[in-house]
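Have a look at the structure below, then the notes.
The values are calculated or read from the model by the stated rules, or taken from the named source; none is laboratory data. Since the model is a prediction, treat every value here as computed from it, not as a measurement. Every residue, glycine among them, receives a Cβ derived from its backbone with ideal geometry; neighbour counts consider all protein chains shown. Calculation scope for accessible area: heavy atoms of the full protein, side chains included, ligands and nucleic acids excluded. Shrake-Rupley method; radii C 1.70, N 1.55, O 1.52, S 1.80 Å.
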Amino acid sequence: MLARVIVPLWLFIGAVLKLVDLSPSHLPATIIKWAGGVGLDLMFVLRFSIAAELIVVGVMVLVPPLARWTGIVMLASFIPVLVGDLALGASSCGCFGAVAMSPWITLVTDVTFFLGLAVFGRGEPRLALTANLPTWKVLGAGLWGLAGVALAFGLRAPAQPAPAIDPGASGPQTVAALPADGYYLPDYQTWQGRAFTELDVASWVQGLPGDIASGSQYVLFYRKDCEHCHELMEIYFSGALPWPTTAIAVPERAGFPTENLQPFPCGECRVAELPAGVDWFLQTPVLVRLVEGIVECVSEVDPEAPECLEF
């Protein structure tokens, strides 16, 4: 029951829910950090993980001699990732797509299943590589795996809406097509020393001031429900500002949140926003210091010791 029903069902539900919206933001934080660091395409990583889960489901259900060890290997690969998510402070493991689930819950469940397969199956004869497996079951598992790969890599991601032009913006609006793969993962090192208006992210900002390339300025990326963002603005960006500051609101894929909204204490900030329909991997608050429009410093900042601040 554990090897051929319960664990496969657990994996199948996770794969299907991730297929529903195909959003890389639902990958585990550990995978995002690692894959982004080595330059892997997060959408490919997501599709690959879904395909792998579907293949494992087919093997566990249709090929009994392989079910137990396939489940053990799969669950063993999940556990370090979940431990990494906990270390990074992730609120959801991303195992079930948009259905948020604490990494603690998933870790306890996976460890329980892992131990169950390891302990309950100890009396099972060891699998020989030459074991005679029923041909129709192997063929069925193979066809299931091919179908899973075709579905994971062939299903189209939700269409991205075109960014709107802000008629009230003071500067010219360059409307660029949103990322075709549905997400934006910043590489802050490539921002350094470049004109902010030349960055891809700047072409998607709605309401960017026309004088963004003049003098010394700050650009602050924030989320409306981000407590750290509110704390940073409350301490350093409330009241009179010595440098012009543009606060750019970052939405989730589905739009801006309507719950747990934080006060906006930066009364003198010019406001702008990024469009919805994209997974913006900006770990807010992100502070950018500009001098004559050139990025002099950029960092994901801690409100208690923010980098890039000059005052």
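Number of residues in segment 77-106 that are open to solvent by 30 Å² or more (accessible area, probe 1.4 Å), aliphatic (A, V, I, L, M) and assigned to a loop (DSSP other than H, G, I, E, B) equals 4.
Every condition in (1) in contact with a helix residue (DSSP H, G or I) (Cβ under 9 Å, 6 or more places away or on another chain); (2) at pLDDT 90 or above; (3) not in a helix (DSSP H, G or I) is met by Ala202 except one, and the failing one is (3). Ala240 meets each of the listed conditions (1) within 19 Å of Gly207 (Cβ to Cβ); (2) open to solvent by 20 Å² or more (accessible area, probe 1.4 Å); (3) not charged (D, E, K, R) apart from (1).
The lone criterion from (1) part of a loop (DSSP other than H, G, I, E, B); (2) over 21 Å from Ala176 (Cβ atoms); (3) not polar (S, T, N, Q) left unmet by Leu220 is number (1). Of all residues in segment 12-49, those being open to solvent by less than 20 Å² (accessible area, probe 1.4 Å) and either modelled with pLDDT of 95 or more or of a type in the set (Lys, Arg) (or both) number 1. The conditions of being at pLDDT 90 or above, of a type in the set (A, V, I, L, M) and touching a Pro at 6+ places or on another chain (Cβ under 7 Å) are met by Val81. Just one of the listed residues (Phe264, Phe311) is at pLDDT 90 or above and either among the small types (Gly, Ala, Ser) or open to solvent by 50 Å² or more (accessible area, probe 1.4 Å) (or both), namely Phe264.
Are any of the residues in segment 214-223 within 20 Å of Val301 (Cβ to Cβ) and over 28 Å from the mean Cα position of the chain (by Cα)? Write out each step before concluding.
First pass over segment 214-223, keeping only residues within 20 Å of Val301 (Cβ to Cβ): 216-223.
Filter once more, keeping what is over 28 Å from the mean Cα position of the chain (by Cα): 216-217.
Yes, that holds for at least one residue.
Looking only at segment 57-76, which residues are open to solvent by 20 Å² or more (accessible area, probe 1.4 Å) and either within 23 Å of Leu19 (Cβ to Cβ) or not in a helix (DSSP H, G or I) (or both)? Selection gives Val59, Val61, Leu62, Thr70, Val73, Met74.
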